[in-house]
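Following: one structure in structure tokens, then a few remarks.
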Amino acid sequence: MARAKSKPTMSWARADLHIHSPASADYLDKTATFMDLLRAAEERELDVIAITDHNSVAGIAAFRRRLETLQFLQDQGRLSPEEAEEFDEYHRILTRILVLPGFELTATLGFHILAIFPPQTSIRKLEHILLELNVPEDRLDAGTSEIGASTDVLTAYSIMDRAGAMVIAAHANSTHGVAMQGFNFGGQTKIAYTQDEHLHALEVTDLDSRSRRSTAQFYNGSKPEYPRRMHCIQGSDAHKLRRDPADTDKRLGIGDRATEWLLPEVSFEAMKELLTSDDFSRTRPYRPADPIDPVKQAQEAGPSLVQGFHERPVVRSRGYEAVLRDLVAFANTNGGTLYIGAGKTKGTVRGVEKPQEVQDALLQEVASRVTPQLEIEVDVIPVDAKGVLVLGVPKGVETPYVLNQTEIWVRQESETVVASRDEIVRLVLQTLASNRVPVPMEEAEEPVPTVSELTDEPPHTGVEIIESTERNGIPYHTVKDLRNGSIVQNVTRFSARRLWRYAISEHESNQLDLNEIQWRGDIGLWKVHKRGGQTRYNLAQRDPDGRLHIYYGVTEEGLHGPWRVFAESPETANGQAEPTEAEEAVPVV
């Protein structure tokens, strides 16, 4: 039977996992107490908060000492009326709000990382972890972000994860963030810092943005160089109790930028399980007046390499065939999320009648028709009083996954297509390599045709036709997929997929006029066209030997480095990224 991590009845919980206390040296409300913090969290109707002072747990330690003192006095019958009132209020609020201990580490080069732990974690253990992260012993109670040389980012992730924490990159897209926005260097470092297996989530300042350039969209798993889809959440980074609209610094207060989590229970364990899963439909930015619907939000982004939609689970006469093909394709490519009961267009939500029965039937189909066993996460998300099935598929570790014993499907951009022979070879080699099985020479991939060294790396999406021959009057082409570098030979216009067919048709029509290319040095823009509601670019590049390379159907996500100029507005064509509204409005400490 296919395994599905089905969830019990769940509800939305509001969490702010980035809150400072007066133990942080730069805290603004110097006279605030922990009771004041809890009252502010209660006012904002938060269910979970995390205390994350700079390189210190002195704040949470003081909080616990106060509770222990009150408990001792209660046991001794020595509570004053004021202390009894305080003790009762603590108990009342703490039955409503889960308080998690943690800290905000300043790693080497100034990058900030949140480590958040189970509520029962001892202060001694937390301080031991800080010492292991090379926070100087004499700075443990200082609560400052300036601690000198500590630990590098990747080592910090590993230490925190090993200690059982939720590891979250703080304000990743802004100041001191690991996404290194605005940096014109460090490409491999950016990838490592945001894709590391020990990092569980990115805290971002633009989670509420609907822009295709938002941080969450960038890290949705569709970028070739960033294949791991990342959970994105938001936190207030509160250095004061409440935000004063009259303040010019616009610093946030507790709960001003919270995240909602769809959980079976409000607990550290449930939250960490979600962040370590492939279910990306159960977090959303908190909007008090207008809650975001995660399904409609997904519809706004549309179908992609890692996301698909089906209005109905079953198509008459074909059963679950279309759904199963997508599931297999996701497993063979980069994983993904499939919404059943919702169409591609925002607002088209049919819902699924008797979702539990459909889920059981679908899992039975997967178990009997997909090889090897495919593990799926299944949720039912309520949308407009209807249930939408959300299927989460991880990237497979035993590729190729096969439907009906013979069908191998892969995902190409927003489409599910039959795998070519070369792609099947690559999927097999991928599994052999992960299992460290020696690959016989006769099974190795066919050699890639050599090309001259390029000054700039080609785009990361689209296709290039690198060789063409004619046999019996039929042109055959060797096509390179720029997303993964795979080479597919003997492709004809009639056997090609949609994007490849377009590229081959353009290539065979011989319509290229070098005078039409807008050159920027050795790279150029030939054509811009719309396909599937998405802007695509035909680009050109000259190598040092004078050879011309034409790249067809490049999407915006494939434009990197110098190629970005062809998609940028005049205001950003100088290479300086425009700050997001959130970054302009909220200085981050």
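Roughly what would the spin-label model give for Glu269 and Ile292, points 7 Å off Cα along C-beta, in nm?
Using points 7 Å along Cα→Cβ, the separation is 2.9 nm.
Rg/Rh for the stretch 84-224 to two decimals, with Rh computed the Kirkwood way over all alpha-carbon pairs.
1.03
Which value in deg cm²/dmol, rounded to the nearest 500, describes the helix-derived mean residue ellipticity at 222 nm for the chain, given -39,500 (n - 2.57) per DSSP H run of n ≥ 4 and division by the residue count?
Counting only the DSSP helices, I get -7500 deg cm²/dmol.
Over the stretch 13-291, what is the mean sequence separation of C-alpha contacts under 8 Å (at least six apart), divided by residue count, expressed as relative contact order in percent? All intermediate terms of the calculation are to be shown ahead of the outcome.
Numbers: 525 pairs, mean separation 60.1, N = 279.
Relative contact order comes out at 22 percent.
Tell me whether the stretch 38-81 comes out rounded, prolate or oblate; compute the Cα gyration tensor, take square roots of the eigenvalues as a ≥ b ≥ c, and use a/c under 1.5 as the rounded threshold.
Taking the square roots of the gyration eigenvalues as a ≥ b ≥ c, the stretch 38-81 is oblate.
List the pairs from Lys272/Lys354; Lys480/Lys530; Lys190/Lys395 whose alpha-carbon separation is above 28 Å, in the order I gave them.
Lys272/Lys354
Distance from the Cα centre of the stretch 97-131 to that of the stretch 199-228, in angstrom?
Here the two parts' Cα centres lie 24 Å apart.
Nothing charged except the Cβ atoms of Lys and Arg (+1) and of Asp and Glu (-1): what's the magnitude of the dipole of the stretch 13-291 about its Cα centre? Round to the nearest 20 debye.
On the way: 31 positive and 44 negative charges, 169 e Å.
Using Cβ point charges on Lys, Arg, Asp and Glu, the stretch 13-291 gives about 820 debye.
Ranked by Cβ crowding within 10 angstrom, fewest neighbours first, how are Met35, Met230 ordered?
With the fewest neighbours first, Met35, Met230 line up as Met35, Met230.
Going by how many other Cβ atoms sit within 10 Å of their own, how do His171, His91 line up, fewest first?
Least crowded to most crowded, the residues run His91, His171.
Rounded to two decimal places and with Rh computed the Kirkwood way over Cα pairs, what is Rg over Rh for the stretch 463-558?
When Rh is taken as the Kirkwood radius, the ratio is 0.95.
Grab the Cα-Cα distance for Ser509 and Arg350, subtract it from 0.36 nm times how many residues apart they are, and report the gain in nm with one decimal.
Between Ser509 and Arg350, full extension yields an extra 52.9 nm.
For a quick check: sort Phe309, Phe330, Phe87 by the number of other beta carbons within 10 angstrom, fewest at the front. Intermediate values should be presented prior to the final figure.
Numbers: Phe309 21, Phe330 31, Phe87 18.
So the ranking, lowest neighbour count to highest, is Phe87, Phe309, Phe330.
Straight-line reach only, C-alpha to C-alpha below 18 angstrom: list the lysines that Lys346 could link to, leaving out same-chain residues fewer than 8 apart.
Output for Lys346: Lys296, Lys386.
How big is the stretch 301-423 by the Kirkwood estimate over distinct Cα pairs, in Å? Intermediate values should be presented prior to the final figure.
Working: mean 1/r = 0.0695 Å⁻¹.
This gives a value of 14.4 Å.
Using the basic label-point model (7 angstrom from Cα toward the beta carbon), what is the Ala192 to Arg471 distance in nanometres?
Result for the modelled spin labels: 4.5 nm.
Taking the Cα centre of the chain as the origin, how large is its charge dipole in debye, to the nearest 20, when only Lys and Arg (+1) and Asp and Glu (-1) carry charge on their Cβ atoms?
1700 debye
Can you pull the semi-axes for the chain, root of five times each eigenvalue of the Cα gyration tensor, sorted largest first, whole Å? Provide the component values of the computation, followed by the final result.
Working: eigenvalues 452, 162, 95 Å².
Three semi-axes, in Å: 48, 28, 22.
We did not get these values from a lab; they are worked out from the coordinates using the rules stated. Predicted, not measured: the structure shown is a model, and the values here were computed from it. Here the Cβ is made from the backbone with ideal geometry for all residues, glycine too, and neighbour counts use every protein chain on show.
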